[in-house]
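The values are calculated or read from the model by the stated rules, or taken from the named source; none is laboratory data. Remember, predicted model here, so these are calculated numbers, not experimental data. Every residue, glycine among them, receives a Cβ derived from its backbone with ideal geometry; neighbour counts consider all protein chains shown. Only protein heavy atoms, including side chains, enter the accessible area calculation; ligands, DNA and RNA are left aside. Shrake-Rupley method; radii C 1.70, N 1.55, O 1.52, S 1.80 Å.
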Amino acid sequence: MKKLFILLPLMFLLTSCVGLFGNRLDTPTNIRYNNEYLVWDAVDGATFYLVLMGGETYVALENRLSTFNIESGNYRVRIQASTGSITSRFSGTYRLNLEREFDHPKNFRYKDDILIWTDVDPESGYIIDFLHVIDGDQFIITDACTQGTCYFDLTTADIEENRVYEVRIASAYEKEAGALDLGLDFRTSLFTSPITIHTYFDVMSTVMITAPLIIDSDMEIDFPSNYTIRHVFYNNEYVDRSKFSFSGSTLIVRESFVERLNYGENTIILITAVGRIDLVITKIPS
């Protein structure tokens, strides 16, 4: 019995060690930097990665992380693979030097008819580029920033109203003397990825409906026959067809989208053939 008493703690210790150290994902390896992306080899079984960088923790759902909105500078990077319950050890430290000849705007977004971005203080301002416009509208902005944030009010801009646009922005810098003339007045940074916006400022009508907090099917809403629905915006973002579908003047709101709406009023902007309609869905207790 004495030998058995001695072996049991030893077996327990070995089992514990397997639980602590054997049940791990592989450690991320081959970290590299390529064209504004931090990249590493995928880890089998991982569902996401934690990236420690510059005192911040970023979550990546694939084996890469965009550095586009991260300030220029020198960083130490460590990466951990995870399933939520099982993790890898953190990788060794990767030294990342984000040096850009022309720093680009960060955190470009759209809110309540205003374009907003983080100021990087370029010497010649910013170029706002409206894509898919016949005249190729561009605006040079030199005095739009305050306390590190820049603003461009679409309601006062000299741009056609009642349109849907894709818009992007870049920093502008003076052209060097003797530089090759490519028809550009400035040298520019990288452009941001375009975002979709609209200039339908006037609300033609407002439609109010209610929905229970918990639903079990899609919502189908019929409008007059001339209200052909073309685009949908919610929470200052363009909504893709995975959340809505429309056939003529009938709008189908997906069950999964309605479930994510907040309790109370939620305003959805519909761009139709006759103008802007605000659809207000009010979530109420079942």
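Points worth noting:
- Multiplying the residue separation of Glu174 and Leu213 by 0.36 nm and subtracting their alpha-carbon distance yields 8.5 nm.
- Across the range 147-160, rounded Karplus estimates of 3J(HN,Hα) from the backbone phi angles (6.51 cos²θ - 1.76 cosθ + 1.60, θ = phi - 60°) give 6, x, 10, 10, 9, 9, 7, 5, 6, 10, 7, 7, 9, 4 Hz, Gly and Pro being marked x.
- Among Arg64, Arg260, Arg276, the residue with the largest mean-square fluctuation in a Gaussian network model of the chain, with springs joining Cα atoms closer than 10 Å, is Arg260.
- With every protein chain in place, the range 178-286: carbon and sulfur % of accessible area (1.4 Å): 49 percent
- Near-label residues of the range 110-124 by backbone N, under 14 Å of a point 7 Å along Cα→Cβ of Ile159: 110-117
- Helical contribution to [θ] at 222 nm, DSSP H n ≥ 4, -39,500 (n - 2.57), averaged over the chain, rounded to 500: -2500 deg cm²/dmol
- Per-residue HN-Hα couplings for the range 228-236 [Karplus 6.51, -1.76, 1.60; θ = phi - 60°; Hz; x = Gly/Pro]: 4, 8, 10, 9, 10, 10, 8, 6, 6
- Inter-label distance, nm, simple model (7 Å from Cα along the C-beta direction), Asn97/Tyr263: 5.4 nm
- Near the amide H of Thr67, within less than 5 Å, lie the amide hydrogens of Tyr37, Leu38, all on another chain or at least 5 residues away, with H placed in the peptide plane.
- Dipole of the chain, positive direction: furthest Cα of Gly248, Tyr151, Ile215, with charges on the beta-carbon: Ile215
- Gain upon complete extension [Gln138, Ala42; 0.36 nm per residue less C-alpha separation]: 30.5 nm
- Amide H contacts of Arg163: Thr199, Tyr200, each under 5 Å away and 5 or more positions distant or on a separate chain (H built 1.01 Å from N in the peptide plane; Pro and chain starts excluded).
- Using the Cβ-Cβ distance between Arg24 and Arg109 with R0 set to 45 Å, the FRET efficiency from 1/(1 + (r/R0)^6) comes to roughly 0.75.
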